[in-house]
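Bear in mind these aren't lab numbers, they're just calculated from the coordinates by the rules spelled out. Just so it is clear, the model here is predicted, and its values are computed rather than measured. Positions of Cβ are generated from backbone atoms using ideal geometry, with glycine treated the same way; all protein chains shown enter the neighbour counts.
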Amino acid sequence: MNADPLADLKDIRLPAEPGWWPPAIGWWLLLAVILLGLTALLLWVRQRRRRRAPLQAALAELAELQRADSARQLPRLHQLLRRAARQRYGTGSASLGSTEFARFLQEHAPAELRDGPWQDLATAPYRPQSPARHGELIAHARLWIEANLAC
């Protein structure tokens, strides 16, 4: 017999280096969190675009309206404000008469626009107005639309 009992032992075999696949559970959780975050961000952006679509359309129409012939501006402005009010407050606002609608616009205007030319807007399509007055009415309408359709 051999005097040294440890001489018959073989060297330790080291295991192979771990591969990169499959990743550990922490990486899977990180991937899931990233995917959920991206999905939530995508849904938020999509919802925001949908909410802002009426505002963008109204502002684009208002910009087109400013370039239109001044004789046609005020009736179209009145219609645009009615559509914006219907979009924001429902169909009840669209069935109001001109005077009631002007009061409705005044009630739902921001505080700095409460004393605006809303009554003039109700009667403007039926009587001549100066082009400077048109610009003032359009500016007030822009601020009203931005205040009421912005989400």
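Quick notes on this structure:
- Neighbourhood charge, 10 Å Cβ-Cβ cut-off, centred on Leu74 and excluding it, Lys, Arg +1 and Asp, Glu -1: +3
- Dividing the convex hull volume of the alpha-carbon atoms in the range 46-137 by its residue count gives 100 Å³ per residue.
- DSSP-loop chymotrypsin sites (Phe, Trp or Tyr not before Pro) across the range 1-77, with at most 14 other Cβ within 10 angstrom: Trp20
- Charges were assigned to the Cβ only: +1 to each Lys and Arg, -1 to each Asp and Glu. The resulting dipole of the chain about its Cα centre is roughly 960 debye.
- Once the Cα atoms are used to define both axes, helix 70-89 deviates from the longest principal axis of the chain by about 50 degrees.
- Against the chain, whose longest principal axis is taken from its Cα atoms, helix 25-67 shows a tilt of about 10°.
- Radius 13 Å from Cβ of His108, net charge of other residues (Lys, Arg +1; Asp, Glu -1): +2
- Cα centroid separation, the range 1-68 to the range 99-141 (Å): 52 Å
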